[in-house]
Amino acid sequence: MFYKFIGGNCMGIKSIVRLFIFILLPVLMILSQAHSGEKLIKDIRLPEISSKKIILRVGTGSAEREYTHADIESLGLKQIRTSTYWKEDDGVYQGVLLRDLLRNAGIEASKGISISALDGFTTKIPREDWENWPVLLATRRDGKIMSIRKKGPLRIIYPKDLGGPVAKIEMRIRWIWAIKSIRPEN
């Protein structure tokens, strides 16, 4: 059957091209997609931020944790270059993986989180997001601390350039900025 599929001539150039197009190319594409998330995110080092100002509260009640820039970045700085839904925001961001922050705060097993911004806007992110993609809690853009005017001090950055479900327009609502708190959803 395979012999007929490739045209009856296993040694011909047409056979090799067909084999590549119909079998090897799809396999290579699947393998490259599986590792593309890892290629978008890089481990980096930047000069430490010395401010002791609390910029984020994570959790609820007595289990609430407070974080400074330094506390957040001590969890392991990462960097991503990605497009966004707002052309002026495309670029390079640094921060920590959201799943690492949630693990540190003890709420990574929550079914989701509710994130609130300084202006009162709130959005929800389901656990599947931080389990399936390298979602970044950005602390810097182009190596510089983000002011509130520049959508800081913290913002969520998805790896939109991976394409597929993470790049759908419906995801835009989860790209919250000027973050002040994160609460678990149970």
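The values are calculated or read from the model by the stated rules, or taken from the named source; none is laboratory data. This one's a predicted model, so the numbers in the text were calculated from it and none came from an experiment. All Cβ positions, even for glycine, are placed from backbone atoms using ideal geometry, and neighbour counts span all protein chains on display.
Structural remarks
- Entry remark, segment 89-100: residues being part of a helix (DSSP H, G or I) and either touching a residue at least 40 places away in the same chain (Cβ under 8 Å) or within 17 Å of ILE145 (Cα to Cα) (or both) number 2 in total.
- Within segment 26-61, restricting attention to residues that are part of a helix (DSSP H, G or I) and surrounded by 13 or more Cβ atoms within 10 Å (Cβ to Cβ), the residue that is modelled with the lowest pLDDT is SER36.
- Taking the conditions (1) assigned to a loop (DSSP other than H, G, I, E, B); (2) more than 18 Å from LYS180 (Cα to Cα) in turn, PRO153 satisfies each one other than (2).
- Considering each residue of segment 156-170 in turn, none proves to be surrounded by 19 or more Cβ atoms within 10 Å (Cβ to Cβ) and either under 19 Å from SER51 (Cβ atoms) or in contact with an Asp or Glu (Cβ under 6 Å, 6 or more places away or on another chain) (or both).
- Complete set of residues in segment 101-127 that are assigned to a helix (DSSP H, G or I), under 16 Å from LEU56 (Cβ atoms) and touching a residue at least 12 places away in the same chain (Cβ under 8 Å): LEU101, LEU102, ASN104, ALA105
- Only a single criterion out of (1) more than 18 Å from the chain's Cα centre (by Cα); (2) surrounded by 14 or more Cβ atoms within 10 Å (Cβ to Cβ); (3) within 23 Å of MET171 (Cα to Cα); (4) polar (S, T, N, Q) is not satisfied by THR139, namely (1).
- Residue ID - farthest from GLY106 (Cα to Cα), chosen from residues in segment 128-141 that are in contact (Cβ under 8 Å) with a residue 60 or more places away in the chain and of a type outside the set (Val, Ile, Thr): ARG140
- Scanning segment 138-170 for residues that are among the hydrophobic types (A, V, I, L, M, F, W, C) and under 30 Å from GLY61 (Cβ atoms) yields ALA138, ILE145, MET146, ILE148, LEU154, ILE156, ILE157.
- Residues in segment 40-97 that are of a type in the set (A, V, I, L, M) and over 16 Å from the mean Cα position of the chain (by Cα): LEU46, ILE49, ILE54, ILE55, LEU56, VAL58, ALA63, ALA70.
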